[in-house]
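Just so it is clear, none of the values below were taken in a lab; they were calculated from the coordinates. Keep in mind it's a predicted model, so treat the numbers as computed, not measured. In this analysis, Cβ positions are derived from the backbone assuming ideal geometry, glycine residues included, and neighbour counts consider all displayed protein chains.
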Amino acid sequence: MALLDRINSPKDLKELSLPELQALCAEIRQLIIRTVGSNGGHLASNLGVVELTVALHYVLDLPEDKIVWDVGHQSYTHKILTGRREQIGTIRKKGGLAGYPRPEESEYDAFAVGHASTSISAALGLAKAAQLAGKENRIAAVIGDGALTGGLAYEGLNNAGRLHRNLIVILNDNGMSISPNVGNIARYLAHIRAGQPYLNVKGNIERTLESIPFVGEPIQHGLKHAKRKVKRLIYNSTIFEDLGFIYYGPFDGHDLRTLIGVLRTVSTLSRPVLLHLHTSKGKGYTFAEDNPDEFHGVPAFDVRKGLKTSVKGDSFSEVFGNSICQFARQEKKICAITAAMQLGTCLTRFRQLYPTRFFDVGIAEEHAVTFAGGLAAGGMIPVCAIYSSFLQRSYDQIIHDAAIQQVKMVLAIDRAGIVGEDGETHQGVFDAAFLNAIPNVTIFAPAYYDELHENLKEAIFKVPGVSAVRYPRGKSMYRPHTYQYDCKGWSLYGSETPKILLVTYGRLFSFTAKACELLQQKGYSVAVLKLNRIKPIEEEVYQAAKQAASIYFFEEGMESGGIGEHFIAKLIQKGYRGRVFLRGIGDFFVRHASMEESLHDLGLDAESIFQTVIDEEGEPV
């Protein structure tokens, strides 16, 4: 009988011996590798925290004690140990387990986490709430060194150091976020890792100093001050100690015996503790150990060969990466900025060709945008390549440090629209609505590779101020053979004088065009008005739209405040009295499922669009 079959909750772990726990870690690794090989998901990060997760669940008393994961994609072992082992095969599938912690999924998930650098602030809130309620339960935050490049982590550290109760912040230091970490924080942590004797020396000195007796209050105060001076002279304190934490480490994050021992120690302290662990991303699977960045987030792949399955051909991200390299060859002012997403945004080639004009700022989207604003104010042309769901973290900076400044900057918004299996925290469905509300911003929405190239070219070389080019995850989709891209802000596909007008933008044009063809086959007079630029929309677009008797706007984004709502309101203001219909994403978050499944459920695939028009219009006249 496999050890895993005996584990239905963390309490079952406490019955195992150390050798059994070590064997259990091996079984968990194999289960994770098989699962990700079948489903896709986050592999290297999960393999790197198996021993840490087992040790935490062995020492703490969950769910009374709490663990907050940062970013949360490394919580697969946690899910396996907390009663979800038999469901792990459904992870990231529609109706199955989420790829991130979700409190509504399990009482063992203390906090929903999908973006980086949030764990310390959330854990501090949980710890303070417990303190106010008179509870003594223990709270642990697990944060990676990649997430430590984000400013929110330091806001949390700054406030948590004043807490007068136990709070365990575990720094999972693997030298990586998705790609290798950059900046002085990475170098600082490497310096600490290099000083392995630190903890032993520190412990011996502290024991000696603490043995000095105090005599009288004035002398006591003086000796206490002297002790602090001596400590600082003999060994340097870390930044974490300066912020009020007791620092322990660095320790081997794969040494289960040491982990259990040190966790038992730090969980008894009545002060905030920072436990520094050194782990290896991809541990236990050679392919992932050798290429941890390649195996961070993967589609289904052949576990035996270690090769990710992929369909040959370009993706929108690759077209962006190639296009910006081409433009940078023409214009030496172009700079590329990424927030720890060099691989995901396909900027590796740009970095190789133009290293002095490439900037990876770490997981710091706010800094990326303001830094870009400074570059632009200095005469450069910055292009910030950021995933849609991460761009929302820099909303204030887009307003204050870009749009108000009226600097020339390009936002290359990757993963715009439904992204699929990563679920609620990663869906790129908010950017069109929130950017639409900002003055001095131009927004392009290409549907195909050539359009992305042309839109990016226009944004870089022609458009003043802030411009955004938003494009979806993955590959280009169905393209009608008669469709021709018009370099103006809109295109019309179908009947020239339609009674029914379908309006859309971006990837959704592929589905809307297909629905249009099906409707024409049924005898409907219909066309698709494709918005190539969704802000600003030219007056002639509204004039063309007003000729139709019915207008249907389909949008792969939020209805509230979205482009469709704005478009229909403008039409009505201009005197349109025909039928209007809007379908986008309602007042809810989109759960994890494949892109195709999500669009169908939202009524935004070709079949659903086709059926919507038939239901609303009845039989063609």
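Values for this structure:
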item	result
Length gained when the stretch ARG257-ARG162 is fully extended (0.36 nm per residue, less Cα-Cα span)	31.1 nm
Simple spin-label estimate for ARG591 and ARG304 in nanometres, 7 Å along Cα-Cβ	3.6 nm
Percent of Cα pairs exceeding the 14 Å cut-off, where the set is region 422-466	61 percent
Amide H contacts of HIS296 (H built 1.01 Å from N, under 5 Å, at least 5 apart or other chain)	ALA44
For region 316-470: span of alpha carbons on each principal axis (Å, largest first)	38, 31, 29
Along each principal axis, Cα extent of the chain, largest first, Å	96, 62, 49
10 Å Cβ shell holding at most 13 others, DSSP loop, GluC sites (Glu not before Pro): longest site-free stretch of the chain	137-330
For TYR478, distant residues with modelled amide H under 5 Å away	none
Between helix 184-194 and the chain: long-axis angle, C-alpha atoms, 0 to 90°, nearest 10	30 degrees
Cβ-based charge dipole, the chain, positive-most Cα from ALA368, VAL113, SER476	ALA368
Rounded to the nearest 20 debye, dipole of region 455-572 from Cβ charges on Lys, Arg, Asp, Glu	360 debye
Among TYR524, VAL580, ALA44 - extreme Cα towards positive end, dipole of the chain, charges at beta-carbon	ALA44
Within the chain, helix-based [θ] at 222 nm, where runs of 4 or more DSSP H residues each add -39,500 (n - 2.57), nearest 500	-11500 deg cm²/dmol
Exposed-site-free run, longest, the chain (rule: chymotrypsin sites (Phe, Trp or Tyr not before Pro); DSSP loop; at most 10 other C-beta within 10 Å)	1-587
Folded to 0 to 90 degrees: helix 217-234 orientation relative to the chain principal axis, Cα	60 degrees
Förster-model FRET efficiency, 45 Å R0, TYR154 and VAL621, C-beta, rounded to 0.05	0.10
Full-extension gain in nm, ALA549 to ASN291, via 0.36 nm per residue minus C-alpha separation	87.2 nm
Kirkwood-Stokes translational diffusion coefficient of region 253-326, alpha-carbon pairs, 37 °C, 0.692 mPa s, µm²/s	200 µm²/s
Additional length obtainable on full extension of the chain from LEU4 to ILE239, 0.36 nm per residue less Cα span	80.6 nm
Amide H within-cut-off set for LYS94, under 5 Å, with H built and near neighbours excluded	SER594
Tilt relative to the chain, helix 151-160 - C-alpha long axis, 0 to 90 degrees, to 10	40 degrees
Distribution of pairwise C-alpha distances over region 490-617, 5 Å bins, in %	2, 11, 23, 25, 21, 12, 5, 1, 0
Dipole moment magnitude, nearest 20 debye, region 289-411 about Cα centre, only Lys, Arg, Asp, Glu C-beta charged	460 debye
Links that overshoot a 26 Å alpha carbon limit, given the list LYS283/LYS305; LYS488/LYS514; LYS94/LYS570; LYS408/LYS574	LYS94/LYS570; LYS408/LYS574
Relative contact order of region 431-491, pairs being alpha-carbon contacts under 8 Å that are 6 or more residues apart, as %	34 percent
Top positive-direction residue, dipole computed over the chain with Cβ charges, set ILE143, ALA2, VAL273	VAL273
For a label point 7 Å along the Cα-to-beta-carbon line of ASP601, residues of region 75-95 with backbone N under 15 Å	90-95
